[in-house]
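A short write-up of the structure that comes next.
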Amino acid sequence: MTNDGVMLDIAKLNVHYHDFQALNDVSLKVRKGSVVSIIGSNGAGKSTLLNTIMGINKPTSGDIAFMGPSIAGLEPNKVVARGISMSPEGSKVFEKMTVKENLLMGAYLPHARRKVNNSLEKVYELFPVLKEKAEQDATYLSGGQRQMLAIARAIMSDPQLLLCDEISLGLAPVIIKDIYRKLKEVNHAGLTIVLVEQDVRRSLKNSDYSYVILKGKIVMEGKSDELSEEEVADAYFGVNKYTRF
């Protein structure tokens, strides 16, 4: 990791889907112990960015450095082994498996297996409903419970960096508030988090630093508590042309 505490350093990242350019010279930094929001509308490139970090998409050019070395182009299992995990969009779980089996799937790497009992205790303490439903098939969980399970499964890999893709999508406000409160707990315990969100207010409220992405480009960035919600919303919709600051 660099001397200024940067854990994740993305530089001039470009990603194409055949002839379509999904990310255009994206550069951003995530410092250790922080919560960083990536704000943008549907199709802005948020999920593409996370999937590229995870190795699901391959960059056309640019670099992704994690704790110093480059991880650009690595296979997903090797990215997870380096210390990054993701809670994917859509509360994806293994429906025909029990809640506990889902959680154990998150601890498939050797270093995570060695800590599996402690990790189970941690996620059960974080989300008590998962302990209550440990032997129940995940298919019977509510939307909010599925999202909790997806986050908990990602935590089971014992990551240093957790990527959360649209974790509030389709959930009731009271559930969203509870999930964000839990994320704040794990962040205070030392886990660095990147949040991908469409909701401007929620993003600024729950992060230390924010980036706005529009049509595959970073168009605005800054400390979350110093950014104007109105200006971020304008950048989000491309109302004005912003330069990075």
(request) Output the number of residues of the range 166-207 satisfying the condition of being open to solvent by 60 Å² or more (accessible area, probe 1.4 Å) and assigned to a strand (DSSP E or B). (result) 0
(request) Consider S61 carefully, then state whether it is open to solvent by 20 Å² or more (accessible area, probe 1.4 Å), closer than 25 Å to E226 by Cα, touching a residue at least 40 places away in the same chain (Cβ under 8 Å) and not charged (D, E, K, R). (result) no
(message) Can you list the helices (runs of 4 or more DSSP H) lying wholly within the range 83-165 that have 2 or more residues being under 19 Å from the mean Cα position of the chain (by Cα)?
(response) 99-105, 116-126, 143-155
(message) Quick check on T98: is it over 25 Å from Q198 (Cα atoms), modelled with pLDDT under 95 and not basic (K, R)?
(response) no
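The values are calculated or read from the model by the stated rules, or taken from the named source; none is laboratory data. Computed from a predicted model, the values in this text were never measured in an experiment. Virtual Cβ from ideal backbone geometry, glycine too; neighbours counted across all protein chains shown. Note: accessible area is taken over every heavy atom of the protein model, side chains too, but ligands, DNA and RNA are not part of it. Shrake-Rupley method; radii C 1.70, N 1.55, O 1.52, S 1.80 Å.
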